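Accompanying notes for the structure given below.
The values are calculated or read from the model by the stated rules, or taken from the named source; none is laboratory data. Since we're looking at a predicted model, the values are computed, not measured. We place every Cβ from the backbone using ideal geometry, glycine too, and count neighbours over all the protein chains shown. Note: accessible area is taken over every heavy atom of the protein model, side chains too, but ligands, DNA and RNA are not part of it. Shrake-Rupley method; radii C 1.70, N 1.55, O 1.52, S 1.80 Å.
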Amino acid sequence: MPDSISLLMVEFLRWISTRYRTYDEAAEAWRSTCPRHTVWEDAFIDGFIQVMSGDAPDQCLVTLTDRGQAILDKRDRDAQD
């Protein structure tokens, strides 16, 4: 797991964790053409999120992986200390 997780990444992971998000919804809300803000792509590369197949492209769900959930759990524990 990366030593330092950006606040933007944490925000993205929390956004994904709050309810079911479709691939289309997540891609629309978080896509960027700025090479400095690649949170959507970085989350895939780092194994924080996954796409669960649906019957149609607009039904594919984006969910946290165990690794992504662990980041949020650690942030919550650290905030309580």
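Treat every Asp and Glu Cβ in the chain as -1 and every Lys and Arg Cβ as +1, leave all other atoms uncharged, and give the resulting dipole magnitude about the Cα centre to the nearest 20 debye. Walk me through the numbers before you get to the answer.
Working: 9 positive and 15 negative charges, 26 e Å.
With Lys and Arg at +1 and Asp and Glu at -1, about 120 debye.
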Original post:
How far is helix 7-17 tilted, in degrees, relative to the longest principal axis of the Cα atoms in the chain, given as a value from 0 to 90 rounded to the nearest 10?
Top reply: 60
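Can you tell me the FRET efficiency between Met52 and Ser4 if r is taken as the Cβ-Cβ distance and R0 is 22 Å, rounded to the nearest 0.05? Working shown, then result.
On the way: r = 28 Å, r/R0 = 1.29.
My answer for the efficiency is 0.20.
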**OP:** Roll a 1.4 Å probe over the protein chains and send me the accessible area per residue for the chain in Å².
**Re:** 68
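Under a point-charge model restricted to the Cβ atoms of Lys and Arg (+1) and Asp and Glu (-1), what is the dipole moment magnitude of the range 37-81 relative to its Cα centre, in debye to the nearest 20? Walk me through the numbers on the way to the answer.
Numbers: 4 positive and 10 negative charges, 20 e Å.
Approximately 100 debye in magnitude.
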Original post:
What accessible area, in Å² to the nearest ten, does a 1.4 Å probe give for Arg14?
Top reply: 90
Subject >> Degrees between helix 66-80 axis and first principal axis of the chain (Cα, 0 to 90, nearest 10) >> reply: 40
Original post:
If you take the square roots of the eigenvalues of the alpha-carbon gyration tensor of the range 23-81 and sort them as a ≥ b ≥ c, do you get rounded (a/c under 1.5), prolate (a/b over b/c) or oblate?
Top reply: oblate
**OP:** Using a 10 angstrom cutoff on alpha carbons, build the Gaussian network for the chain and name the most mobile of Ala70, Ala26, Ala56.
**Re:** Ala56
